[in-house]
């Protein structure tokens, strides 16, 4: 018994007008920088090479021992010692050094990531401290004589305003002279230094 079944056609969806604002696509995380990916690849290559060479060295040492143990004469044992023992020992050491290199590459990658996170956290703290400074900005009282004075703290290389919340408690402030070079500006008080 054959029955014919019809499938209803899907309803046409109304197309939004091109002038209407469409929601922005979800933000995707930025791809890893090429340098970080290169270090991860280096770590993987070193780890894999070490994982292959160390067991091969152990196998070569075992085969060398087996050959020496079953050779009756000393002149028959020498090729086994050279090819099995010394080559196997070299492969074990090379594999161990490659493992060590993979470990160092991993530590380097982790330190770069940690430094990046620390930098981001410090910049966030600078913004928070700048906002908590009572809404005080350079534009608020640019003509205040004491606050507008540019100073350096100790032997520092960052130019601050005298009323900067980062240095206002310090006693080792010195006025900025024209002889100072390679100076940066504070991100909290943002002095007008140029």
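Every number here is computed from the coordinates shown, using simple stated rules; none is lab data. Bear in mind that the values here come from a model prediction, so they are computed numbers and not experimental data. Here the Cβ positions follow ideal geometry from the backbone for every residue, glycine too, while neighbour counts run over all protein chains shown.
R0 = 41 Å: FRET efficiency of residue 155 with residue 90, Cβ-based, nearest 0.05?
0.20
In nm, to one decimal, how far is the modelled label at residue 41 from the one at residue 169, with both set 7 Å along Cα→Cβ?
Going from the residue 41 label point to the residue 169 one covers 4.9 nm.
So if R0 is 35 Å, what FRET efficiency would residue 58 and residue 123 give, r being the distance between their Cβ atoms, rounded to the nearest 0.05?
On the way: r = 50 Å, r/R0 = 1.43.
So the FRET efficiency works out to roughly 0.10.
Given the Cα-Cα distance of residue 192 and residue 100 and 0.36 nm per residue of separation, how much length would full extension add, in nm? Please list the in-between numbers first.
Numbers: separation 92, 0.36 × 92 = 33.12 nm, distance 4.99 nm.
Extra length available between residue 192 and residue 100 comes to 28.1 nm.
Kirkwood hydrodynamic radius, segment 34-131, all distinct C-alpha pairs: what's the number in Å?
Working: mean 1/r = 0.0607 Å⁻¹.
Here the Kirkwood hydrodynamic radius works out to 16.5 Å.
So, by mean Cβ neighbours within 10 angstrom, what's the order for 173-185, 88-100, 119-131 with the highest one leading?
Details: 173-185: 10.2, 88-100: 16.3, 119-131: 12.0.
Put in order of decreasing packing, that is 88-100, 119-131, 173-185.
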